[in-house]
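This report refers to the structure that appears directly beneath it.
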């Protein structure tokens, strides 16, 4: 599938999607963060997203606390969980609720670089 129009959703947008559970066979509509570039969505119609969850859950390695909840469009303390990545088509997006502060973008990028073999020597 090749697309050429500018995507409606941008990197670092916070969106609501039916995010899959890794431990169970169902989904829950929850906020997630777009971590893919416009190139992926323009060329394939797909996006890479990481899960956002309540900060009251126990922490996992790589979690990033969201510093600006209002900008992110979230009602309660929340964390980004870079260790939970999923691929979505835009048709599954419920809506955009906000965007991530630059400070938090840097933290998420750092965590993703530590978790993925991107930019490493092969």
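The values are calculated or read from the model by the stated rules, or taken from the named source; none is laboratory data. Keep in mind the model is a prediction, meaning the values are calculated, not measured. Positions of Cβ are generated from backbone atoms using ideal geometry, with glycine treated the same way; all protein chains shown enter the neighbour counts.
Against the criterion of being in contact with a helix residue (DSSP H, G or I) (Cβ under 8 Å, 6 or more places away or on another chain) and under 15 Å from residue 50 (Cα atoms), residue 82 qualifies. Residue 22 fulfils the conditions (1) at pLDDT below 95; (2) surrounded by fewer than 17 Cβ atoms within 10 Å (Cβ to Cβ); (3) within 13 Å of the chain's Cα centre (by Cα) except for a single criterion, (3).
Restricting attention to region 81-96, the residues being touching a residue at least 40 places away in the same chain (Cβ under 8 Å), over 21 Å from residue 39 (Cα atoms) and surrounded by 15 or more Cβ atoms within 10 Å (Cβ to Cβ) number 1. State which residue is modelled with the lowest pLDDT when the search covers only region 55-80 and only residues that are surrounded by fewer than 12 Cβ atoms within 10 Å (Cβ to Cβ) and either in a loop (DSSP other than H, G, I, E, B) or within 15 Å of the chain's Cα centre (by Cα) (or both). Residue satisfying both the conditions and the ranking: 57. For region 97-108, filtering for residues that are assigned to a helix (DSSP H, G or I) and surrounded by 14 or more Cβ atoms within 10 Å (Cβ to Cβ) leaves 4.
Give the residue, chosen from 42, 22, that is under 22 Å from residue 113 (Cβ atoms) and not in a strand (DSSP E or B).
Working: 42 fails: under 22 Å from residue 113 (Cβ atoms).
Answer to the check: 22.
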